[in-house]
1. Take every Cα-Cα distance within the stretch A:44-180, group them into 10 Å bins from 0 onward, and report for each bin the whole-number percent of pairs it holds.
2. So what's the Cα pair-distance distribution over the stretch A:126-242, bin width 5 Å, in %?
3. I'd like to know which of A:LEU79, A:PHE28, A:LEU89 lies farthest towards the positive end of the charge dipole of the protein assembly as shown, counting +1 on Cβ of Lys and Arg and -1 on Cβ of Asp and Glu.
4. Could I get the Rg over Rh figure for the stretch A:1-67? Both from C-alpha atoms, Rh via Kirkwood, rounded to two places.
5. Can you tell me the alpha carbon radius of gyration of the protein assembly as shown divided by the globular rule-of-thumb value 2.2 N^0.38 Å?
6. What is the order of A:LEU29, B:LEU25, A:LEU36, B:LEU14, fewest Cβ neighbours within 10 Å to most?
7. Within 10 Å, at most 13 other Cβ atoms, and a DSSP state outside H, G, I, E, B define an exposed site. Report the longest part of chain A free of exposed trypsin sites (Lys or Arg not before Pro).
8. Can you return the lysines within cross-link range of A:LYS124? Criterion is Cα-Cα under 22 Å, with same-chain partners fewer than 8 residues away left out.
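What follows is calculated from the coordinates using simple rules that are stated; it is not laboratory data. Remember, it's a predicted structure, so these values are computed and weren't measured experimentally. Don't worry about glycine lacking a Cβ; one is built from the backbone with ideal geometry, like all the others, and counts go over all protein chains shown.
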Amino acid sequence: MILVLSHDAYEQGTDPVISWLLHHKANFLKLSIGDLLGAKIPYTVDIDNQDIMVNGVSFKDKISVIWHRRFMGEMSNFLNFESVHAANLRGEVRKEVDVFMEYLSTLLKNKKWLTSFQKIHINKIEALNIAQDCGLIIPKSCIVNNREDALRFWNQHPEGVITKTISGSRGHYLHEDDTYVMLTTDMTKDRMEDLPAYFLPTLFQAKVKADFEIRVFYLDKQFFPTAILTPKSARSVDRKMDNNTASTHFVPYQLPAEIMEKLNVFMEKIGLNTGSIDLMKCQDGSLVFLEVNPVGQYSAESERCNYKIEKSIAEWLIKQDN
Amino acid sequence: MNIKGIETIFDETLLAQLPPTYRYLVRIESSTFKEHFTGYRFSKSEKHFSKKFINANAYKPLSEIVYQDIK
C-alpha cells in the first residue's frame, strides 16, 4: 500500500497525484495529522511488538511506500489553547507530538520513503556547503549580527547584496486588507546604513548577475528543469513577485550533463530523493545553486512546461509499491 | 498580485528583537495574494481524502478541437 502523508485541506501538490493514483486504481491511503490527533481513527501503537494497530489489524505490514508531503503543516490547528498558559501548552503539546511522530517514522524506517521524515526540514545553510563540496557554485554568503560587518560585506560586493531568512521560512501576516510577506530583500546602501549596531543573526548574500532563474523538480534522479524568463526591466529581487505577471514565461530547459551529475551527488549527500532545486543561470554561462526545498510546489512548472510531474510522482509511487 | 510597497507592521521596540528582514516586508493586497485562494470555490472529495478540493484545470488545451468545429 502507498501511504500519503499530507493535509486534510487543499494542498496543491498532493491532490493531482492522488487523481493519478485513483486513475491507476492504486492501493493507497492518505493520512493527515488531523486523522492522528483529531479523535477520528482509533489506533494503538504497540511498542512491545513495534507495530501500529488500527481496529486490531496491523497497519505497518500493509505499507510499502510512503510519500511524505507537508504532513505537519496543519499542526497549528491543534495548538489553539485559550489559556494564560497557552504558550507553555503549545510548546509542550508540540514536543509530545514531535516525539511521537519521530517514533512512528522510526517504526516505518524500513519502508521506501519519498522524502524521509527527518529530511522534511533541511538546514539550508548546510545545504549551501554540501552543494559547494559537490562542485556546485554558490553565492557568496555570510551570517552577520552587526552593522559594521554587514557594511563591510556590502562594500566587497558592488553587484549588490540581498538578505533572506536563514531557515528558508517565509512568514506572512494579515493586517487590515493587506498581507505582509517576508521575501528576499534587496539591501541597498541606505538600508544597510539604517541597520541597528547589533541585530539577530541575519543571512546576507551577494547578488548573482543572472540571466534567468531555473527551477528543477527532482524525482529520484529524474530532472524536470524549467527556465523562468522575465525581462530585466520587469524583474524583482524575488521571482515569486514575478511568477504571475504577463511578462514572465516558463519554458522547459535542458541542464548540462555535468550539472545533473553534481546535483545527483548533492541530493544523495543531503539525503533527499525529491525536491525543488533553485538555480541561477549567470551571464557568464555558469549555473549558481541557490537552495533546495524538500517539498517545493511544482504545479506551475508542470502545467506550463507540460511535464506532468504529478503523473510521474504517482507512477513512481506505484512502481515502488509493486 | 497587487504589490503596494515595502514596509513593516511592527514597531521599533519589536523590530529591535527581530532580524532586519522584518523591516522590509512586501505589502500585498490580500484579495490579490494567490496563496489565500480568495474567490476560489472549494469542493470536497472523499476519494482524495480532502475536505477542501479544487479540480485543477488544465493550463493548456488538451485537444485541438474548437467549439466551432463541433457545432
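1. Values per bin, smallest distances first: 8, 22, 28, 23, 14, 4, 1.
2. All Cα pairs considered, the percentages come to 2, 9, 15, 20, 21, 16, 10, 4, 2, 0.
3. Positive-most Cα among the choices belongs to A:PHE28.
4. That ratio is 1.00, to two decimals.
5. The value comes to 1.06.
6. B:LEU14, A:LEU29, A:LEU36, B:LEU25
7. Free of exposed loop sites, the longest segment is A:222-322.
8. Partners within reach: A:LYS140, A:LYS164, A:LYS207, A:LYS209, A:LYS221, A:LYS240, A:LYS262, A:LYS269, A:LYS281.
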